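So the structure is just underneath, and the comments pick up after that.
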Amino acid sequence: MDRIFFDSLDLNILNALSANARTPYLEIARDNGVSGAAVHQRVQRLMANKVINGSHCSIEPTAVGFTVVAYLGINALPGTDVEALAEELRKIDEITECHVVSGRFDIIAKLYARDNLNMLEIIRERTRQLDIASTETMVSFREAFSRPIPVSND
């Protein structure tokens, strides 16, 4: 996809929705001195151009019983199609992110587990039949921060 440049209204819309995807269009319109219809049309155009990929609901994992967050460094068996391996990992519901990477690992995956024994079961049992040579597990003690990417024309 080619880089897209935005006018000030587009930038303000993107930054408002990045901060809070539930921000009402009328609030964004009021803050920018335009109509709600103008904001709605801009959002639709940004979605059509695949700048906005949707919105989501962020659920606190501990509130639904997932107390352990870990990152798995995964090395595939030689000759394995890494993209196909990533698709197999998609079938494990507790893996919420999967990145094909360069460097020490072939894949980095983010895993949520109910506790350490559940994490061990997921890693040992549910990935056993996959074309994985080795894994390294890095447990996250806490998320230091998370933020949206900055949006500007720079």
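Structure above, values below:
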{"read-out": "Virtual spin-label span in nm between residue 22 and residue 51, 7 Å along Cα→Cβ", "value": "2.5"}
{"read-out": "Fewest-first sequence of 119, 47 by Cβ atoms within 10 Å of each Cβ", "value": "47, 119"}
{"read-out": "The stretch 8-48 - percent relative contact order, Cα under 8 Å, separation 6 or more", "value": "34"}
{"read-out": "Selection from 44, 72, 138 lying farthest towards where the dipole of the chain points positive, charges on Cβ", "value": "44"}
{"read-out": "Lys, Arg +1 and Asp, Glu -1 on Cβ, resulting dipole of the chain about Cα centre, debye, nearest 20", "value": "320"}
{"read-out": "Structure-derived Cα extents along the principal axes in Å: which label, when the choices are (1) 58, 41, 34; (2) 56, 37, 25; (3) 94, 25, 20", "value": "(2)"}
{"read-out": "Full-extension gain in nm, residue 63 to residue 133, via 0.36 nm per residue minus C-alpha separation", "value": "21.8 nm"}
{"read-out": "Extension gain from residue 114 to residue 30, taking 0.36 nm per residue of separation minus the Cα-Cα distance", "value": "25.9 nm"}
{"read-out": "Projected area averaged over orientations for the stretch 8-48, convex hull of C-alpha atoms, nm²", "value": "2.4"}
{"read-out": "Computed magnitude of the charge dipole of the stretch 29-109 (debye, nearest 20; Cβ of K, R +1, Cβ of D, E -1)", "value": "560"}
{"read-out": "Inter-site label distance for residue 96 and residue 2 at 7 Å from Cα along Cβ, in nm", "value": "3.7"}
{"read-out": "Largest-first ellipsoid semi-axes for the stretch 61-140, taking √(5λ) over the Cα gyration tensor eigenvalues, angstrom", "value": "21, 12, 11"}
{"read-out": "Sequence ranges 134-142, 88-96, ranked by mean other-Cβ count within 10 angstrom, highest first", "value": "88-96, 134-142"}
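Where a number appears in this text, it was derived from the coordinates with a stated rule and is not lab data. Computed from a predicted model, the values in this text were never measured in an experiment. For neighbour counting, all protein chains shown are included, and Cβ atoms are generated from backbone atoms with ideal geometry for every residue, glycine included.
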